[in-house]
1. Only one of (1) closer than 16 Å to Val47 by Cα; (2) not assigned by TED's automatic domain parsing to the domain that holds Ile83 fails for Thr236. Which number is that?
2. Give the residue that is nearest to the chain's Cα centre (by Cα), with candidates limited to residues of segment 151-160 that are surrounded by 13 or more Cβ atoms within 10 Å (Cβ to Cβ) and either farther than 20 Å from Phe94 by Cα or of a type outside the set (Ser, Thr, Tyr) (or both).
3. Considering only residues that are crowded, with 18+ Cβ neighbours inside 10 Å, among the aliphatic types (A, V, I, L, M) and over 34 Å from the mean Cα position of the chain (by Cα), which ones fall in segment 45-88?
4. Kindly indicate whether Tyr241 is of a type outside the set (S, T, N, Q), surrounded by 16 or more Cβ atoms within 10 Å (Cβ to Cβ) and touching a residue at least 60 places away in the same chain (Cβ under 8 Å).
5. Is it the case, given these coordinates, that Ile148 is modelled with pLDDT under 95, more than 29 Å from Val237 (Cα to Cα) and not small (Gly, Ala, Ser)?
6. Scan segment 105-136 for residues that are of a type in the set (A, V, I, L, M, F, W, C), over 18 Å from Arg75 (Cα atoms) and at pLDDT 90 or above and jot them down.
7. Check segment 219-226 and report whether any residue there is in the same structural domain as Ile36 (by TED's automatic domain parsing), in contact with a helix residue (DSSP H, G or I) (Cβ under 9 Å, 6 or more places away or on another chain) and surrounded by 11 or more Cβ atoms within 10 Å (Cβ to Cβ).
8. Taking the residues in segment 151-174 that are of a type in the set (Gly, Ala, Ser) and more than 27 Å from Asn234 (Cβ to Cβ) as candidates, determine which candidate is modelled with the highest pLDDT.
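The values are calculated or read from the model by the stated rules, or taken from the named source; none is laboratory data. No experiment lies behind these values; they were computed from the predicted model shown. Backbone-built Cβ (ideal geometry, glycine too); neighbour counts: all protein chains shown.
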Amino acid sequence: MKTTPFNALILALSIIVTSLILSNAFQNRNKAQNTISVTGLGTKDFVSDLIVWSGSFSKKDLDLKSAYANLDKDRESIRQYLISKGIQDDQIIFSAVNISKEFDNVYGDNGMKIRSTFTGYSLSQNVQIESKEVDKVEGISRRVSELINKGVEFYSNSPEYYYTKLKELKIEMIAEATKDANMRAKKIAENSESKIGDLKKADMGVFQIVAQNSSEEFSWGGSFNTASKRKTANITVRLQYETE
């Protein structure tokens with residue numbers, strides 16, 4: 001096939017374009033390789049400023065009306081007890097009453113029920129307190145046996161502890177983790193006789209809250225401890241820099 005000036009021009013342009021593409025790909029590959037990836041840690045100890053404590057009480061009677069009356073009496077005793085300990089009335093939240101019929105079942109050797117005897121109505125109710133007076137409510141939860149001595153069948157749950165300024169705390173920790181990661185990147189670059197350039201990528205890790213001075217394990221999905229008043233929060237930030 002005879003080569004014309006036009007065909008020669010097209011061939012030359014093709015070679016030039018191909019060379020540029022390959023050169024650019026090579027430069028980008030080297031550019032991607034000339035990076036530093038580091039992980040910085042931000043950690044803060046804090047004390048919970050909100051407590052949620054709850055408990056339950058119950059009564060049982062063959063007569064539903066009597067069971068209600070006895071439960072009302074216990075509810076008022078609990079209310080007055082908590083108020084006497086310094087809890088505001090509007091902080092005391094009672095749930096709806098749960099009602100169930102209870103039976104005493106007798107079974108034969110073949111596992112079949114022989115008879116069922118009604119033993120009464122069982123009524124139960126929950127009470128919850130949410131307060132920023134953490135120490136006060138915590139103390140009450142530990143002395144709740146005083147209610148039992150008053151004839152109230154009260155079951156106390158362990159208090160749950162929260163922090164109302166998590167948003168501000170998290171921002172502080174991200175800043176700390178970013179600063180830590182930046183210092184690590186600079187140190188790595190210095191040891192390799194280079195400098196860090198532009199920040200190419202930043203990813204935030206999982207936010208964790210665990211009990212202070214504990215062996216509580218971290219979770220991939222993030223842990224959020226509510227059982228301890230004193231907590232430690234952790235967060236990681238991963239940065240990727242170009243190097244010069």
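1. Going through (1) closer than 16 Å to Val47 by Cα; (2) not assigned by TED's automatic domain parsing to the domain that holds Ile83 one by one, Thr236 breaks only (1).
2. Of all residues in segment 151-160, those surrounded by 13 or more Cβ atoms within 10 Å (Cβ to Cβ) come to 152-157, 159-160.
Among the residues that remain, those that are also either farther than 20 Å from Phe94 by Cα or of a type outside the set (Ser, Thr, Tyr) (or both) are: 152-154, 157, 159-160.
Values: Val152: 34, Glu153: 33, Phe154: 29, Asn157: 20, Pro159: 16, Glu160: 12 Å.
Ranking the qualifying residues of segment 151-160, first place goes to Glu160.
3. Ala67, Leu71
4. Details: of a type outside the set (S, T, N, Q): yes; surrounded by 16 or more Cβ atoms within 10 Å (Cβ to Cβ): yes; touching a residue at least 60 places away in the same chain (Cβ under 8 Å): yes.
Yes.
5. So Ile148 fits the description; yes.
6. Result: Phe118, Val134.
7. No - not one qualifying residue is present in segment 219-226.
8. Ser156
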